[in-house]
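Participant: First the structure, which I've put down as structure tokens, then a few questions once you've had a look.
What follows is calculated from the coordinates using simple rules that are stated; it is not laboratory data. Since we're looking at a predicted model, the values are computed, not measured. Virtual Cβ from ideal backbone geometry, glycine too; neighbours counted across all protein chains shown.
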Amino acid sequence: MKVMVLVKATSDSEAGVMPTEAMLTEMGQFNEELVNAGIMLAGEGLHPSSKGVRVQFSGKNRTVTDGPFTETKELIAGFWIWQVPSMADAIAWVKRSPFQDGEVETRPVFADEDFGEAFTPELREQENRLRVEMERQSSS
């Protein structure tokens, strides 16, 4: 199963406090373990919400709001995409992460079969074609 691991923002991450060399080293070692185990597919840290924007949709209207955003507990500071055998395995890996405070949320990523009959053969073909193209673009 594929999961997205969401690293929640903290007051420090929202203030733009950068990780120490020690923390970067620990995170690098953890990421290396994930890669060597064949689990990590992607992972990135995010700038504070002060550098972001939100787009709100209401019918055909679009409203853009510049950050920062106030509810730190609802913000994301980084993420991983993992391929794991089960949610229990994902939880076990999260527990091994080097974080000393904060919160990490882990959620399953939808698979094609989750969409049932609405995901027609034509839509599946389009999705597969787009995946191949994204892979081609990322490797060039």
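Participant: Name the residues whose placed amide hydrogens come within less than 5 Å of the amide hydrogen of residue 52, ignoring near sequence neighbours (fewer than 5 apart) on the same chain.
Facilitator: Sorted by chain and number, the residues that satisfy this are 67.
Participant: Please identify, among 122, 71, 44, the residue showing maximal mean-square fluctuation in a Gaussian network model of the chain using a 10 angstrom Cα cutoff.
Facilitator: Answer for the Gaussian network model of the chain: 122.
Participant: Still on this structure, please answer the following. Quote the relative contact order of the chain in percent (integer), defining contacts as alpha-carbon pairs under 8 Å separated by 6+ residues.
Facilitator: Here the relative contact order equals 38 percent.
Participant: Continuing with this model, one more query. Which net charge results when you count Lys and Arg as +1 and Asp and Glu as -1 among the other residues whose beta-carbon is under 12 Å from that of residue 23?
Facilitator: -4
Participant: Let me make sure I get this right: for the chain, a, b and c are the square roots of the gyration tensor eigenvalues over alpha carbons, sorted descending. Under 1.5 in a/c it's rounded, otherwise prolate if a/b > b/c, else oblate. Which is it?
Facilitator: It comes out oblate by the Cα gyration axes.
Participant: Could you let me know the centre-to-centre spacing of the stretch 30-91 and the stretch 1-19, using Cα atoms, in angstrom?
Facilitator: For the stretch 30-91 versus the stretch 1-19, the Cα centre distance is 7 Å.
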